[in-house]
Structure formats: structure tokens, C-alpha cells
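Readers should treat all values here as calculations from the given coordinates under stated rules, not as data from a laboratory. Predicted model only: the values in this text are computed from it and were never measured. Note that we place each Cβ from the backbone using ideal geometry, even for glycine, and neighbour counts take in every protein chain shown.
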Amino acid sequence: MQTPAAPIAPPIPMTIDFVADVVCPWCYLGWRRLKKALALRPNIEATIVWRPFQLDPSLPEQGVDRKAYMAAKFKDPARLSAAHDALKAGAAEDGLVLNLTEIPISPNTNAVHRVISWAAAAGLQDAMIEAVMAAYFTDLRDIGDPDVLADIADKVGLERMMVLKLLSEEADKALIAHEHGVAVQAGITGVPFTIFGGKVAAVGAESPENLAAAIDQALAA
């Protein structure tokens, strides 16, 4: 007589809020590591919600020269070079290519966050995030340019002309600024900032193992 098979446990739903900016290289690493952490916890049915954060909302919409911007922000070139080396080493482990010193423009990211939110409404959030970050960090494209954004969105599955129309009308521009303000008021000063089930937070691009441990903590809380 065969022993009855053990019942398969149903997946456990969890909402994960990922507070990030698309021009933050640590956010790119954190995004990939979060996906790896979820692969370590296949029993979790995760809903990842991208929460907009702007590292510098004061930048003009057309952006600024990145080399000059970074030189003004980091007075010590050696410190900036060391940060780039650390990022590239971490990125290589996650299968990412970061051409950090070649990026031409530091854009205002309000428009990018808006397109991500429209993609999310169409069930295309993750694909849009991956495409935008690869365009910026690897392909060196100006993701603050509406035409570039519309091209990326079109390849992901959104209607190009619709995206251009919404951007020209400044649709949801104030909403993104508000959501950034909410994050700042909540005390978030650095990203990525990941919140698991509204209970446990992880700051920075933690390892997949540490993020998986945070998932466990949220389940136990």
C-alpha cells in the first residue's frame, strides 16, 4: 500500500516594496539580488512594487553632463574610482555590465518613474525596469529623453505614441514627486530600500542570502 503523498503547501503571498532610483547602480544590483533571493524562497508568491525615489529631483529635465556632475559631487577622484571598482566587481557577480565612467547624461528621473508606473499598470513593470537600467548603465542611453523612453517602452510592450503623449502632458509628474516626498518623510535617505511584507526592511544591495533571511523574518514577525 502506497503512502499518500504529502500535501503541497500553497504559496505564501508577500508584497515587497522596492524603493529605488533607476540611475542608482546599487539599485540595479539590489534589484537583481532580490530576484535571486526570491528564487531561494520558491514558496513565496511575491508582488514587487516599485516605489519611486529620486537621488536628485533638482536636476533639470534635460539632465546634466554626468562627468561634471559626479566630479562636483565627489571631490576626491580616488574615492569615486574606488566606488566604481566596487560596483563593477559586484555587478560582474550578478551578470551585469556597468559602464559607469562612460555614461554621458545624469537625467532627472521623474519621467522614467512615470513610465515604469504605466508599465506596471499594464503588467510590464519588471520588463520596463530591466530595460531602462540596461539602457542607462550598459547601452549609455539618455533615459531622460522622451523619445528614448518611448522607444524602450515600445520594445517592452507599451504603445510608443501613448507614452510620448502622456509625457508631453506631464501626466503623473506631480504623483511621482509626491511619492518621492513620502519616502523622504518616512526617513529613507538612501536606496535601494526594500520592505518585506510591511514588516522587515533591508537597506542597500544586500546579498541574496541576506534578503532571503529578511523574507523569513517578515514571515515570522
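Observations
- Built amide H within the under 5 Å cut-off of G63, gap 5+: N108
- For I188, neighbours were defined as the other residues whose beta-carbon sits under 13 Å from its Cβ, and their charges (Lys and Arg +1, Asp and Glu -1) total -2.
- Note on the range 16-120: Kirkwood hydrodynamic radius from all Cα pairs is 15.4 Å, rounded to one decimal.
- Length-normalised contact order of the chain in % [C-alpha pairs under 8 Å, at least 6 apart]: 30 percent
- Placing one equal scatterer on every Cα of the range 70-164 and applying the Debye formula, the log10 ratio I(q)/I(0) at q = 0.15, 0.17 Å⁻¹ is -0.65, -0.79.
- The residues neighbouring P104, those whose beta-carbon lies less than 15 Å from its own, together hold a net charge of -2 under the Lys/Arg +1, Asp/Glu -1 convention.
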